[in-house]
Amino acid sequence: MPRSTYYYQPQPETAENLRLLRRLDELYLEFPFFGSRRMAVMLEVNRKRVQRLMRIAGIEALYPKPNLSRPAPGHEIYPYLLRGVSIERPNQVWSTDITYIPMHGGFLYLVAVMDWYSRFVLSWELSNTMETGFCLAALEAAFRFGQPAIWNSDQGSQFTSAEFLAPLKKRGISISMDGRGRALDNVFIERLWRSLKYELIYPGDFASGADLFPALDRYFHFYNHQRPHQALGYRPPADLFPLRSTRKRSSP
């Protein structure tokens with residue numbers, strides 16, 4: 001092995017790239033249908049740079065794409081089961097998603113699990129990578145509240161891996177997946193990300209995970225137990241979700 005490879009240390013993102021990533025994240029909340037070409041115009045940088053930044057942030061423009069039935073090697077893709085389904089009770093449908101969290105000097109990824117009927121956030125986890133492990137930890141934590149009839153996610157590699165799907169299959173849960181590029185198939189958790197970023201992440205401007213973690217813990221408690229939701233008749237999610245569990249968490 002070449003010595004240069006053995007001793008290589010990954011370089012952090014530059015301050016300029018972090019600024020662009022944050023602005024890209026803000027633009028995506030407003031214009032999720034913008035692809036790399038339009039984002040490049042908005043950011044006034046070249047398209048290749050924008051494509052790389054979009055991959056880091058885990059975002060893509062919302063539009064139908066060809067060959068949607070081709071899974072990654074060893075990964076399973078399931079059809080979307082929720083079109084036209086009436087959500088009438090807690091634990092009928094749970095969903096999950098990952099979002100990019102910009103911070104001073106870097107970024108983290110956040111995954112959450114939500115009950116569709118009540119909008120109750122069942123669990124969440126932070127990670128500095130998009131590996132499957134932190135998504136699986138969030139899933140296992142959510143099971144402390146019971147289990148859903150239907151589980152919905154996007155087609156990300158974290159959620160289509162055999163490791164992640166195994167506990168769902170073991171419990172006999174029906175698995176549903178969004179079409180690629182169709183964030184509105186998981187609209188409730190997309191609204192959660194929008195609220196979280198405008199109400200906490202952007203105003204807070206956090207410097208590190210140690211600062212962000214307790215702030216997220218407080219925010220999700222507020223979101224579940226105090227924040228009025230117009231779609232719920234201005235009640236908080238906890239009013240509609242039974243058998244609430246208290247989870248002891250330790251900061252990363």
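Coordinate-derived values only; no laboratory data. These numbers come from a predicted model, not from an experiment. Counting neighbours? That spans all protein chains shown, and the Cβs are built from the backbone with ideal geometry, glycine included.
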query: Relative to the Cα centre, what is the charge dipole magnitude of segment 93-239, using +1 at the beta carbon of each Lys and Arg, -1 at the beta carbon of each Asp and Glu, and rounding to the nearest 20 debye?
result: 380
statement: Sorted by chain and then number, the residues having a modelled amide H within less than 5 Å of the amide H of R235, at least 5 places away or on another chain, are H229
- prompt: Rounded, prolate or oblate: which fits segment 93-239 when a ≥ b ≥ c are the square roots of the eigenvalues of the alpha-carbon gyration tensor, with rounded for a/c under 1.5 and prolate only if a/b beats b/c?
  reply: oblate
message: Suppose the Debye formula is applied to equal point scatterers at every Cα of segment 136-178; what is log10 I(q)/I(0) at q = 0.14, 0.26, 0.30, 0.34 Å⁻¹?
response: -0.28, -1.02, -1.32, -1.47
